[in-house]
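Report on the structure given below.
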Amino acid sequence: MEFGSEMGRKLVAEAFGTFWLVLGGCGAAVLAAKFGGDATPFVGIGLVGVSLAFGLTVLTMAYAVGHISGGHFNPAVTVGLWAARRFPTREVIPYLVVQVIGAIAAAAVLYAIAKGQSGFDIDNSQAGAFAANGYDKLSPGGYNLGSSIVVELVMTFGFLFVILGATAKRAFAAGAPVAIGLALTLIHLVSIPVTNTSVNPARSTGPALFAGGDYIPQLWLFWVMPLVGAAVAGLLWRFLSPEDARLEDVPEEAKAY
């Protein structure tokens, strides 16, 4: 594969889109969520702000590079579209690889920024350290493994269901990024207290590598559950809308996401 080939351009777009998602969403959580304190007026954006940040990253990159790569920015989205027969098998692994690379690169940039603050330290015994995902003692709300499995499975399923519907052949394709960005915002509003919200294995991997500690052995959940939820949504969509399950018939704009 040549760097300047169509596939090369897709992979670069996917890597950068995932980079933007992790830098924008996790950056909002690490740098801006709790900014301010006793000596400074509190101007942090909180849970709502972080939720909006994640939705806006997907919305902006979907419009920016969705026409190049399809704008997945998430291994679960790639797998869900593949299960729905909306994405070719030969491109699945390359997409997953560059998505993870983009997420790790974003986490590295975020770490370089965050460590410039006096007293910065990643306390990986605390829930939500460096915007990482976790359950049990690493859950922001103290939720157990069972609750975390359910929320990641169901929320990823719902996210893919919105994506598949918004980009279907009979849907209004130009408005799809708005619906998808709002869906991701809603998901974060619900599930940040449970797992710090993943629904995206690449997004989970980058911060976990920098948080370290028990975040690494817990990473399996944030790969398995989103991929399973996405695949089930893809299979259900093939049943509900079989006319969308023919890759060669799907319009270019509907192949996005």
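The values are calculated or read from the model by the stated rules, or taken from the named source; none is laboratory data. If you're wondering where the values come from, they're calculated on a predicted model, not measured in any experiment. FYI the Cβ positions are ideal-geometry reconstructions off the backbone, even for glycines, and counts take in every protein chain you see.
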(request) Report yes if some residue within the range 4-26 is farther than 21 Å from L189 by Cβ, part of a loop (DSSP other than H, G, I, E, B) and either free of Cβ contacts under 8 Å to residues at least 24 places away in the same chain or touching a Pro at 6+ places or on another chain (Cβ under 8 Å) (or both); otherwise report no. (result) yes
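To keep it simple, each residue is scored yes or no on (1) surrounded by fewer than 17 Cβ atoms within 10 Å (Cβ to Cβ); (2) at pLDDT 95 or above; (3) on the phi > 0 side of the Ramachandran plot.
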residue	(1), (2), (3)
I180	no, yes, no
I192	no, yes, no
V199	no, yes, yes
F222	no, yes, no
E252	yes, no, no
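So for the range 56-63 (the condition being polar (S, T, N, Q), modelled with pLDDT of 95 or more and either in a helix (DSSP H, G or I) or touching a Leu at 6+ places or on another chain (Cβ under 6 Å) (or both)), does at least one residue qualify? Before the answer, list the steps.
Going through the range 56-63, the residues polar (S, T, N, Q) turn out to be 57, 60.
Cutting the leftovers down to modelled with pLDDT of 95 or more gives us 57, 60.
Filter once more, so that each one left must be either in a helix (DSSP H, G or I) or touching a Leu at 6+ places or on another chain (Cβ under 6 Å) (or both): 57, 60.
Checked against the condition, which is being polar (S, T, N, Q), modelled with pLDDT of 95 or more and either in a helix (DSSP H, G or I) or touching a Leu at 6+ places or on another chain (Cβ under 6 Å) (or both), the range 56-63 yields at least one hit.
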(message) Need pairs with beta-carbon distance below 6 Å; first residue touching a residue at least 24 places away in the same chain (Cβ under 8 Å) and within the range 220-243, second assigned to a helix (DSSP H, G or I) and of a type in the set (S, T, Y); sequence gap 6+ or separate chains.
(response) F222/S204; P226/T156; G229/T156; A230/T156
(message) I need a count of the residues in the range 159-182 that are without any contact (Cβ under 8 Å) to a residue 40 or more places away in the chain and assigned to a helix (DSSP H, G or I).
(response) 3
(request) State the number of residues belonging to the range 186-218 that are under 18 Å from T78 (Cβ atoms) and outside any helix (DSSP H, G or I). (result) 3
(request) Give just the number: which of (1) under 17 Å from the mean Cα position of the chain (by Cα); (2) more than 15 Å from F16 (Cβ to Cβ); (3) not hydrophobic (A, V, I, L, M, F, W, C) does G142 not satisfy? (result) (1)
(request) Could you check L47 against (1) among the aliphatic types (A, V, I, L, M); (2) in contact with a helix residue (DSSP H, G or I) (Cβ under 8 Å, 6 or more places away or on another chain); (3) within 22 Å of W223 (Cα to Cα); (4) surrounded by fewer than 24 Cβ atoms within 10 Å (Cβ to Cβ) and say which number it fails? (result) (3)
